[in-house]
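What follows is one structure encoded as structure tokens, with my remarks underneath.
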Amino acid sequence: MAPPFEGIGAAVRRKEDQRFISGRGTYTDDINRPGQLYAFIRRSDRPHAKFPAVDTGAAMELPGVVAIYTAADLANIGGLPCGWQIHNKDGSPMAEPKHPVLAEGVVRHVGDPIAVVIAETRQQAKDAAEKLDIAFTDLPSVATVSDAVKPGAPLVHDSVPGNVCYDWHIGDKAAVDAAFAGAAHRVRLDLTNNRLIPNAMEPRAAIGDYDRATGDYTLYTTSQNPHVIRLLMGAFVLSLPEHKLRVVAPDVGGGFGSKIYHYAEEAIVTWAAGKLARPVKWTAERNESFMSDAHGRDHVSTAELALDKDGKFLALRVHTLANMGAYLSTFSTAVPTYLYATLLAGVYTTPVIYAEVKAMFTNTVPVDAYRGAGRPEATFLLERLVEVAARDTGMDRVELRRRNLIPRNAFPYQTPVALQYDSGDYQATLDTALKHADWAGFEARRQAAAAKGKLRGIGLSTYLEACGIAPSAVVGSLGARAALYEVANVRVHPTGSVSVFTGTHSHGQGHETTFAQLVSDQLGVPLASVDVVHGDTAKIPFGMGTYGSRSLAVGGSAMVKAMDKIIAKGKKIAAHLMEADVHDIEFKDGKFTVAGTDKSKTIGEIALTAYVPHNYPIEELEPGLEETAFYDPKNFTFPGGCHVCEVEIDRDTGVVRVVNFTAVDDVGRVINPMIVEGQVQGGVAQGIGQALLENAAYDADGNLLSGSFMDYTMPRADDLPNFHVATENTMCTHNPLGVKGCGEVGAIGSPPAVINAVVDALRDYGVRQIDMPATAAKIWAIINAGPHHRKPAE
Amino acid sequence: MPQVSVTVNGKPQTVQVEGRTLLVELLREKLGLTGTHVGCDTSQCGACVVHVDGRAVKSCTMLALQADGAKVTTIEGLAAADGTLHPMQEMFREHHALQCGFCTPGMVMAAIDLVNTHPEGLTEEQIRHGLEGNLCRCTGYHNIVKAIAAAWPLMHGKSLPAAAE
């Protein structure tokens, strides 16, 4: 019997599942170090306040308390760094106020850490933290970008006039203004992109450990990118050189962006472990996740589209206020600029685009990349605007999109906002999605629903994303303070099994399977003989981690390069063993063969020879079979596709149910279709969550109203439908695998499809725009408002 | 300090705990059974679901002392002694019903109780409703629902009756 197909394209069941389904995963909070202490953070319950030095005397007397630290103890510690410097329109750098590890006399958002209590048990630390008496004096505060931008608004940082972090723009304003002046149609839409809280199911956690013998520090942390944390914390915050600091990100229970960033607690436990010479563990309670994990989205925008009389897009003009929160999180500044405004061409041939983005400080939790990061905001704006354009001009919404799609023969396609798309076929994804969703048969379903008293609507979005982040030189020229290549080390062991060390990190994506398939395919070894190792700076040469749907496109490409080197070396060894010319050696299915003969050696035999070099070209070749490769991508990758959503609205309650959802995505080559489908399903679920349920709510002063799962509506099983997911693939032209990325497409394409469907369902109620989330209360109010009340029933 | 006696995964245990110690803290911190997870403080997420005397319980809502005398099964105790997985575990893997794995132990324990308590059959709607107490942020639930429907016949030894609609 032939062995089961396990290579590229096989829906292999996941290797990592064995430990997860049997309760043997090792998440950070599952780790306990000998002599471990527990940290509890006392946080601000005020949006903006000053406070005098904290008196820790009484709390120090409580049972089990070992130490209490405040900013005064951290005098030699740097602030948390921001990884991307944006420049203003006038070329000056953005405002970058210090983000202290512990608040220095002023708290700027609910959740801002003030003091850390370290005790023998978690409960003792918490008891003592609650006893700290902090004499706050409240200061005026501001929560929304619309308020923060007003003249005379309270200042979040005294050093930042007008609360403006930066005032940035991209595109040709004069050309856009000229195109608008001559346009047959001009469409304008004001819209917000609601603030979200990522809520990975595993709360953040961190354990600092210090080895008194060597002076080495180890940080165990819930991170998507341990090397980045080592670099940021080591170099900027604690002044620890890399060789004395190890960062381990073990099993991580979901990230969605929120675990990219360097957080204060990581620095606190590492520093305190050194200070106390004992391990220190901190685990977030969920309410801390709500007020200390970076939030996502939160844009307020005006978008304008100019069209000619036939519906061709002539120009796009966008003005956006983006909420940064109280401090700059690690990659926050790149999100509303290079991950947002550069995406505004979408899948369309719009010839000129101008976008200006003002990033505002507010007294709220810092905002950073959350699944999609900037691209969902761009897609929502564009796909709502196109929808409204169809409605305002009386054109069919599918036809209007079709008329403006970038043709399949136009690649590589240069947009007016910097990006050059390498490949895609937006007609194909649109056609396939409409077919799978039975767009043509919708009217009958609408009527059937109406007969049951339901309002049924259908909506679509044709979207594009840029991921596979990113070419280092390009992002460097745009202000990134890091490179964005990826690293792989491939170690073929003496008896032919393989360990692959990757700088990417898996926190649900199934890398241990997908990457193993890649290795199995290229080296011709069984899947069971391949282990993928990630998440430990002591094991992996280097790496930038997992975000921006980059792991396979960048990390996988590094692996391919490393395996190319393995094969090249293997060929030399094989040529020696079989007394052939190296150019005559072919490698296929795990065998090195002398071309045109039946002489061959397996990769296992070659590996054994490499490690036991008795008969070996030792003068020319080192022993061993292990190679490392760094891969710096040549471009972003550009997945795209079409999502179609069908909803039914209960007129009595305003509840929106998604009854059908079709996603057709071009993610490039698919390694494991089961995993790709799962990624898309999860992304769509988060997109539907954003569109219908989720909202990080603050009051006008900056008090977090949605601070628990009782107030923040997470999508549950009975809120969601089954998903119809398909792919329609064109290959990425610039990476060796042809892959594009699938982690974020679901969250990018879906929100406008849902809202377009909701607006369509309410077509008889005169609604042009509904801001997310389209909650039952909002929909009920629309149905029951004014002259349109109950119109369809009449 | 008070003392609690429980049988966990078939093994009798007697442990000293503070009065305020939760069952999940007893399991994770005193008994080292870290397969049971804590995902929230408000009994909303279900990552901590275990079986107490055969029924699904959120172990963050129960004091350890309340479990005195009870039989507790955690995710670590589901597989047979020879390592054969419970059908629900097997179906979660087969149907890719997990990604990061953090909600999975609670999800599996809740799902088993759901199937056990519905010998007459389970519709998709009932499954989705039955999972109301468990949050998953990764999968969108689609594959979890499929896995539970696929586990039902394996657990009841007969095919799942067609939905009576």
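Cβ-to-Cβ counts within 10 Å put A:Lys281, A:Lys740 in ascending order as A:Lys281, A:Lys740, the fewest first.
With r as the distance between the Cβ atoms of A:Arg763 and A:Asp177 and R0 = 25 Å, compute the FRET efficiency 1/(1 + (r/R0)^6) and round to 0.05. Computed FRET efficiency for A:Asp177 and A:Arg763 comes out at 0.15.
Relative contact order for chain A: 15 percent, from Cα pairs under 8 Å spaced at least 6 residues apart, divided by residue count.
Here is how the number arises for chain A: DSSP H runs of 4 or more residues each give -39500 (n - 2.57), the sum is divided by the residue count, and the result at 222 nm is -7500 deg cm²/dmol. When the charge dipole of the protein assembly as shown is built from unit charges on Cβ atoms (+1 for Lys and Arg, -1 for Asp and Glu) and taken about the Cα centre, the candidate among A:Ile573, B:Pro12, A:Val767 whose Cα reaches farthest toward its positive end is A:Val767. Spin-label model, A:Ala235/A:Val398: points 7 Å from Cα along the beta carbon direction are separated by 5.2 nm. Relative to the current alpha-carbon distance between A:Asp632 and A:Tyr611, full extension at 0.36 nm per residue lengthens the span by 4.5 nm. Across region A:621-665, the residues whose backbone nitrogen lies under 15 Å from the label position 7 Å along the beta-carbon direction of A:Ala776 are A:648-658. What FRET efficiency do you get for A:Lys435 and A:Gln85 if R0 is 51 Å and r is their Cβ-Cβ distance, rounded to the nearest 0.05? Between A:Lys435 and A:Gln85 the formula returns 0.65.
Summary value for region B:87-156: 53 percent relative contact order, contacts being C-alpha pairs under 8 angstrom separated by 6+ residues. Taking the Cα centroid of region A:622-666 and of region B:1-67, what is the distance between the two, rounded to the nearest whole Å? Taking the Cα centre of each part, region A:622-666 and region B:1-67 sit 38 Å apart. Computed over every Cα-Cα pair of region A:485-631 and binned at 5 Å starting from 0, the pair-distance distribution P(r) comes out as 2, 11, 20, 21, 18, 13, 8, 5, 2, 0 percent. Amide H contacts under 5 Å for A:Ile260: A:Gln224, restricted to partners 5 or more places along the chain or on a different chain, H placed in the peptide plane at 1.01 Å from N. In this structure, the pairs whose alpha-carbon distance is over 28 Å, taken from A:Lys435/B:Lys146; A:Lys173/A:Lys312; A:Lys131/B:Lys71, are A:Lys131/B:Lys71. Applying the Karplus relation 6.51 cos²θ - 1.76 cosθ + 1.60 with θ = phi - 60° to region B:2-12 yields 3J(HN,Hα) values of x, 10, 10, 10, 9, 9, 10, 6, x, 10, x Hz, where x marks Gly and Pro.
Under a model in which nothing but the beta-carbon of Lys, Arg (+1) and Asp, Glu (-1) is charged, region A:388-453 shows a dipole of about 260 debye around its Cα centre. Using a cut-off of 28 Å between Cα atoms, the listed pairs A:Lys89/A:Lys740; A:Lys126/A:Lys150; A:Lys15/A:Lys565; A:Lys281/A:Lys561; A:Lys561/A:Lys740 include A:Lys89/A:Lys740; A:Lys126/A:Lys150; A:Lys281/A:Lys561 as exceeding that distance. Does region B:57-111 come out rounded, prolate or oblate by the C-alpha gyration tensor, with a ≥ b ≥ c the root eigenvalues, rounded set by a/c under 1.5 and, if not, prolate when a/b is larger than b/c and oblate if not? Since a/c reaches 1.5 but b/c is at least a/b, the shape of region B:57-111 is classed as oblate. Counting only DSSP H runs of at least 4 residues, each contributing -39500 (n - 2.57), and dividing by the residue count of chain B, the helix-based mean residue ellipticity at 222 nm comes to -8000 deg cm²/dmol.
In plain terms, the chain from A:Lys588 to A:Ala473 could stretch by 37.9 nm, reckoned as 0.36 nm per residue minus the Cα-Cα distance. Over region A:122-281, the alpha carbon radius of gyration divided by the compact-protein estimate 2.2 N^0.38 Å works out to 1.52. The simple Förster model, with R0 at 30 Å and r as the Cβ-Cβ distance, assigns A:Asp598 and A:Asp564 a FRET efficiency of 0.75. Spacing of the modelled spin labels on A:Ala53 and B:Lys11, each 7 Å from Cα toward Cβ, amounts to 5.1 nm. Shape descriptor for region B:87-156: Rg over Rh equals 0.91 (Cα atoms; Rh from the Kirkwood inverse mean 1/r).
Between the alpha-carbon centres of region A:716-745 and region A:418-458 there is a gap of 17 Å. Packing here is the average count of other Cβ atoms within 10 Å per residue, and on that basis the peptides A:509-522, A:54-67, highest first, run A:509-522, A:54-67.
Each residue, A:Asn76 and A:Asp211, gets one label point 7 Å from its Cα in the Cβ direction; the gap between the two is 2.2 nm.
Rg/Rh for chain A (Cα atoms only, Rh after Kirkwood) is 0.99.
Based on the Kirkwood approach, the hydrodynamic radius assigned to region B:3-77 is 11.9 Å, with every pair of different Cα atoms included.
Normalised by the number of residues in region A:245-368, the average gap of Cα pairs under 8 Å and 6 or more apart makes the relative contact order 29 percent. For the pair B:Ala80 and B:Lys158 in one chain, pulling the backbone fully straight at 0.36 nm per residue adds 26.0 nm over the alpha carbon distance.
Bear in mind that the values in this text are calculations on the coordinates, not laboratory data. Bear in mind the structure is a predicted one, so any value in this text is a computation, not a measurement. Cβ atoms come from the backbone with ideal geometry, glycine included; neighbour counts cover every protein chain shown.
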